[in-house]
Amino acid sequence: MNNRLRNFNYLIGCEKTKQAIALDPLDGEAMVALAAQQGWQIKLIINTHEHHDHIEGNPAVQAATGAEIWASEFARGKIPNMSRGLMANEEIELGTLKFRVLPTPGHTPVHVCLLTLSEDTPVLFSGDTLFNASAGNCFNGGDVDEMYDTFVRELAPLPDETLLFPGHDYMKTNLDFAFSCEPLNEKIGYWKAQVGDLSSDEMPYMTLGQERQYNPFLRLKSPYLLAQLQGDNERETFKALRAQRDTW
Ligand SMILES: [Zn+2]
């Protein structure tokens, strides 16, 4: 579900028990309505992090459903009405749904991503950590060194077939940025053409394998990038990229 800030809100339902998770609700009423339309009961609200555009719908969803609010243990005091603090690598279940909580600080210190363990193809709900063709920013309470560590520790080991469900639809702009970093990368031009005319609701879900072909933050070994950024090592290249994206 998309909305005014180009946020993706996710309603994740268990087909068997008809229980659902509202992930990062912004428009709470719309999410409650969508759940009703699907015949699902929202049992849990989970927030990837504390920014207002990822928690603003919590009160409306909670008022309508009584669902508990879960987020990182470190988000206590930052997200109102949180009842359960999630720990790094904890596994959470609802019906047949099963997730691992990935500790992914960087965009903010308390950020977590959810990785499905119950699906044949793993799905990463990446919040504002990894976007199509970019990484989340670090200028609103974040830390770019932590973000780099998160990419190395949590994202690099994930298999290519992992589906990416990010927190915002910024793909077109990010591809333009990626193109400016690596103009000779044919995959960037290809995907720019593929998504150029699509609306937010029509954007494709990409895999991490595809992201690794065009997302500069996942391509720190690319000779084109290295030549342009003159980073001495991958951390410095990552930080130089993030700084460029901030002012791009
Ligand atoms: Zn954010």
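Here are the numbers for this structure:
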quantity: Given charges at beta-carbon only (K, R positive; D, E negative), |dipole| of the range 47-91 in Debye; calculated: 140
quantity: Whole-number D in µm²/s for the range 150-237 (Stokes-Einstein; Kirkwood sum over Cα pairs; 25 °C, 0.890 mPa s); calculated: 177
quantity: Virtual spin-label span in nm between E15 and R153, 7 Å along Cα→Cβ; calculated: 3.6
quantity: Zero-based 5 Å bins, Cα pair distances in the range 154-198, whole percents; calculated: 5, 19, 22, 21, 25, 8, 1
quantity: Karplus-derived HN-Hα couplings along the range 155-168 (A = 6.51, B = -1.76, C = 1.60, θ = phi - 60°), whole Hz, x at Gly and Pro; calculated: 8, 4, x, 6, x, 4, 6, 4, 7, 9, 10, x, x, 9
quantity: Segment E186-N81, extension gain: residue separation times 0.36 nm, minus the distance between their alpha carbons; calculated: 33.1 nm
quantity: Percent antiparallel among DSSP beta bridges (both partners in the chain, rounded to 5); calculated: 55
quantity: Kirkwood Rh and Cα Rg combined as Rg over Rh, evaluated for the range 103-195; calculated: 0.98
quantity: Magnitude of the charge dipole, the range 10-247, Cβ model with Lys/Arg +1 and Asp/Glu -1, debye to 20; calculated: 200
quantity: Extension gain (nm, one decimal) between K98 and D197, 0.36 nm per residue minus Cα-Cα; calculated: 32.1 nm
quantity: Scattering curve values for the range 10-247, log₁₀ I(q)/I(0), Debye with Cα scatterers, q = 0.10, 0.12, 0.14, 0.18 Å⁻¹; calculated: -0.47, -0.67, -0.91, -1.38
quantity: Simple spin-label estimate for T247 and A36 in nanometres, 7 Å along Cα-Cβ; calculated: 5.0
quantity: Computed over the range 10-247: relative contact order in percent, which uses C-alpha pairs under 8 Å that are six or more apart; calculated: 13
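Since every read-out is calculated from the coordinates, none of them should be taken as a lab result. All of these numbers come straight from a predicted model, not from anything done at the bench. Cβ coordinates were reconstructed from backbone atoms using ideal geometry, including for glycine residues, and neighbour counts include every protein chain displayed.
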